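Since the structure comes first, as structure tokens, the remarks are kept for the end.
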Amino acid sequence: MKPTNLEIGGVYQTEWDKRPYRIIGLDETEVFYDCLINDQSWMFSGNRKKKCYFYRTSTSLFETKSTKVDHIPMNAEEQLFFRPDLVMRIGRTGQLNWNQMNFASPDELDHYINAASLDELTDQRIETDSIIVYPYGPAGGLKKGEKLIAANSTFFSAAELIWKCTEIQQAVNSNSEDGIGLYRIGTEKGLPSYYIGSYFDNAGLLKD
């Protein structure tokens with residue numbers, strides 16, 4: 001459930017920065033925000049052709065340490081760029097490992113998910129036909145992004161996304177991690193982007 005005191009497009013003054021922040025993504029765990037920079041333009045909304053890693057912080061911190069000062073509704077172009085409707089994370093489970101999976105197809109993985117009662121993955125999906133995903137290297141840094149296209153040209157199921165990301169991740173890193181997950185990071189080439197990760201996010205916002 002999203003916090004009632006925060007809203008997409010809301011502009012807030014925080015206790016830790018004099019610059020206004022505008023919320024561009026939101027759920028119960030984290031807030032994505034844009035920042036008004038020195039030339040009075042927004043960091044991300046004013047640079048929609050560039051690759052962007054969105055600013056983020058915990059929802060609880062933002063909610064308790066900020067005051068709403070304005071509201072700038074997202075226009076149609078911003079809705080397509082920021083895609084605040086998309087899930088911030090998907091495919092998150094501690095029961096799988098990127099380097100210990102060898103499923104022949106998304107359907108085989110989906111069958112395993114149901115047989116193993118991995119309810120956290122059931123019915124999860126990303127409502128877009130294309131995304132960019134970034135694998136992580138042995139030292140933890142993100143590698144070059146790869147474009148994925150949904151098989152049904154409409155959305156990605158968790159099984160399809162995990163299956164496609166397994167090959168990408170295995171190609172750059174043979175290290176075993178604790179669990180798997182994909183996390184929204186920003187946008188590239190007009191597409192929403194996610195990074196391949198473990199059960200816990202890189203920002204340290206997820207605690208369980």
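Laboratory data are not the source of any read-out in this text; all were calculated from the coordinates shown. If you're wondering where the values come from, they're calculated on a predicted model, not measured in any experiment. Note that we place each Cβ from the backbone using ideal geometry, even for glycine, and neighbour counts take in every protein chain shown.
Quick grid of which residues meet (1) closer than 19 Å to D27 by Cα; (2) buried (at least 17 other Cβ atoms within 10 Å of the Cβ); (3) polar (S, T, N, Q):
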| site | (1), (2), (3) |
| --- | --- |
| Y112 | no, no, no |
| A159 | no, yes, no |
| I162 | no, yes, no |
| S174 | no, no, yes |
| Y183 | yes, yes, no |
Matching residues, the range 136-183, being within 22 Å of D107 (Cα to Cα) and either small (G, A, S) or part of a loop (DSSP other than H, G, I, E, B) (or both):
A150, A151, N152, S153, T154, F155, S157, A158, A159, A171, G179, G181
Report the residue count in the range 14-47 for those that are of a type in the set (D, E, K, R) and buried (at least 19 other Cβ atoms within 10 Å of the Cβ).
3
If G140 satisfies all but one of (1) loosely packed, with under 15 Cβ neighbours inside 10 Å; (2) over 30 Å from I24 (Cβ atoms), what's the number of the condition it fails?
(2)
Scanning the range 1-13 residue by residue, those exposed (fewer than 12 other Cβ atoms within 10 Å of the Cβ) and among the hydroxyl-bearing types (S, T, Y) turn out to be T4
So which helices (runs of 4 or more DSSP H) stay within the range 25-133 end to end and still have 1 or more residues that are under 22 Å from the mean Cα position of the chain (by Cα) and more than 25 Å from K147 (Cα to Cα)?
59-64
Which pairs have Cβ atoms under 6 Å, sit 6 or more apart or on different chains, and link a residue in the range 71-90 that is under 11 Å from R184 (Cα atoms) to one that is charged (D, E, K, R) and buried (at least 18 other Cβ atoms within 10 Å of the Cβ)?
M88/R184
Residue check for G204: without any contact (Cβ under 8 Å) to a residue 24 or more places away in the chain and farther than 22 Å from S45 by Cβ:
yes
